[in-house]
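The values are calculated or read from the model by the stated rules, or taken from the named source; none is laboratory data. All values reported here derive from a predicted model rather than from experimental measurement. Cβ placement follows ideal geometry from the backbone for every residue including glycine, while neighbour counts extend to all protein chains displayed. With ligands, DNA and RNA removed, areas are computed over all heavy atoms of the protein, side chains included. Shrake-Rupley method; radii C 1.70, N 1.55, O 1.52, S 1.80 Å.
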Amino acid sequence: MTIASEEIFDVVDALDRVIGQATRETVHRDGLFHRAVHVFAFNSTGEIFLQRRAFTKDSAPGLWSSSCSGHVDAGESYEQATLRELVEEIGLTLDPEALLLRLAVSPCPATENEFVRVYRCFADPPLTLDPDEVMDGLWLAEVKLNSWILREPEAFAPSFLHLYALNRMAERRE
């Protein structure tokens, strides 16, 4: 496994075209555009899986977030990164056809200058959480999640709040 600071990401321009590569540390320190993925996993009863990020994470430690998220490594596609991150973080192996692309989000402060692809998938427990990535997880009905967000938004990663709100708006338009 690569040490986080040694991870190499594609640096992209404002149109999401690769213009070079840089380390994770450089990309974050210099605010360079790069790529990431988030997944909202739902079980057969319609509950969404949330993960609580490990305290050792450099971004949003200890906060609740998407079912799975991570950076797209240099040379990787969004879909490849999604499938890799699902296995690494929550032990979920899926066929590519099981992923539904929900959103393509442009860089902004809430995404930390990341172009983000948000996918949806279906999975049923149990999941195998990597303790280096995830300190806790829970399945939650969306109505309960929405109430929790209103009551305690500081419990959630800012990127999750942004992407979850965009996803809810997209669902209302459908």
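Here is how the numbers come out for the structure above:
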{"quantity": "The one condition in (1) closer than 24 Å to GLU171 by Cα; (2) open to solvent by 30 Å² or more (accessible area, probe 1.4 Å); (3) in contact with a Phe, Trp or Tyr (Cβ under 7 Å, 6 or more places away or on another chain) that PRO61 fails to fulfil", "calculated": "(1)"}
{"quantity": "Filter pass, THR93 being assigned to a loop (DSSP other than H, G, I, E, B), in contact with a helix residue (DSSP H, G or I) (Cβ under 7 Å, 6 or more places away or on another chain) and open to solvent by 40 Å² or more (accessible area, probe 1.4 Å)", "calculated": "yes"}
{"quantity": "Among the residues listed as ALA36, ALA41, the single one being in a strand (DSSP E or B), out of contact with any Ser or Thr (no Cβ under 6 Å at 6 or more places or on another chain) and open to solvent by less than 20 Å² (accessible area, probe 1.4 Å)", "calculated": "ALA36"}
{"quantity": "Residue that is open to solvent by 60 Å² or more (accessible area, probe 1.4 Å), within 26 Å of ASP16 (Cα to Cα) and either assigned to a helix (DSSP H, G or I) or in contact (Cβ under 8 Å) with a residue 60 or more places away in the chain (or both), where the choices are GLU79, GLU85", "calculated": "GLU79"}
{"quantity": "Subset of the stretch 104-119 (residues that are touching a Phe, Trp or Tyr at 6+ places or on another chain (Cβ under 9 Å), surrounded by fewer than 19 Cβ atoms within 10 Å (Cβ to Cβ) and not in a loop (DSSP other than H, G, I, E, B))", "calculated": "ALA104"}
